[in-house]
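Take a look at the structure below.
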Amino acid sequence: MYFKIFKFLFFIAIVLIAIYYTYPTDITDAQIKNYCKSYGITMILTIGGTSIGIFLGFILAFLKFANFKILNFIIDEYIDIIRGTPIVIQLMIFVFVIFASWTNNIAAAVFALGLNSSAYVAEIVRSGINSIDKGQMEAARAMGLNYTTSMRKIVFPQAIKNILPALANEFISLFKETSVVGMVAITDLTFFSKSLQATLYTVQPILFAAVIYYVSVKFFTLLVKLLEKRLNRND
């Protein structure tokens, strides 16, 4: 108990010291609002991308378990292409090629981040389902349940404990990966900090952005740990 309190106080002290030395001293009220706006854009990209990634990832994972060879081949190739190419390249293809006619680059970036995330989510779901004993599916089918019902009522509820923490970690990873959207002129936290650095002629905005990322990830990590404890409460 005392060690947890010490860790919390130590974290607060480190953050306060970091803010004191990195917060831009010559920043205006308008620039502070833009800081908040850029952080909001980062969260929109993260939440939107994760939502699309989870939706498509679950569909891809369940389709793979349907055991259609041609469909499995297509899904495997899709996952390999997404995981085998840099997210920056995927982002540029979506913004400058696929959705070149769109005036809103943020929407195009959300789709790009979502599709990138879906490949990793599909593997997370697949590994989570594979962690369940195959006898569970066999017993359900022996009872007369079809594949879809067996997966939905027997296998997946057991796999969810392994899947949810990993999905939460995928959210954290995507939150940090949004820092590349400045390559397509989207004013997220990283891009705005870089612009502010050029305006104020100081490295403080970049360092302050690093503090914001760190505190955010620390908070998200805490939520993941609380989620894991809740899921393991009845084990």
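So the values come out like this:
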quantity: Contact order relative to length of the chain, as percent, for alpha carbon pairs under 8 angstrom and 6 or more apart; calculated: 29
quantity: Accessible area of residue 73 in the full protein assembly, 1.4 Å probe (Å², nearest 10); calculated: 130
quantity: Solvent exposure ordering (accessible area, 1.4 Å, most first) of 75, 81; calculated: 81, 75
quantity: Computed log₁₀ I(q)/I(0) - Debye formula, equal Cα scatterers, no solvent, the range 73-182, q 0.09, 0.17 Å⁻¹; calculated: -0.34, -0.87
quantity: Solvent-accessible area of residue 65 with every protein chain in place, 1.4 Å probe, in Å² to the nearest 10; calculated: 50
quantity: Order of exposure, largest accessible area first, which applies to 167, 56 with probe 1.4 Å; calculated: 56, 167
quantity: Extension gain from residue 15 to residue 83, taking 0.36 nm per residue of separation minus the Cα-Cα distance; calculated: 21.1 nm
quantity: Ranking by accessible area, most exposed first, for 145, 223, 60 with a 1.4 Å probe; calculated: 223, 145, 60
quantity: Ordering of 100-109, 117-126 by packing [mean C-beta count within 10 Å, highest first]; calculated: 117-126, 100-109
quantity: Rule-of-thumb Rg ratio for the chain [Cα; 2.2 N^0.38 Å; N residues]; calculated: 1.23
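The values are calculated or read from the model by the stated rules, or taken from the named source; none is laboratory data. In this text the structure is predicted, and so the values were computed from the model without any measurement. When we count neighbours, we look across all protein chains shown, and the Cβ atoms used for this are built from the backbone with ideal geometry, even at glycine. Keep in mind that these areas ignore ligands, DNA and RNA; they rest on the heavy atoms of the full protein, side chains included. Shrake-Rupley method; radii C 1.70, N 1.55, O 1.52, S 1.80 Å.
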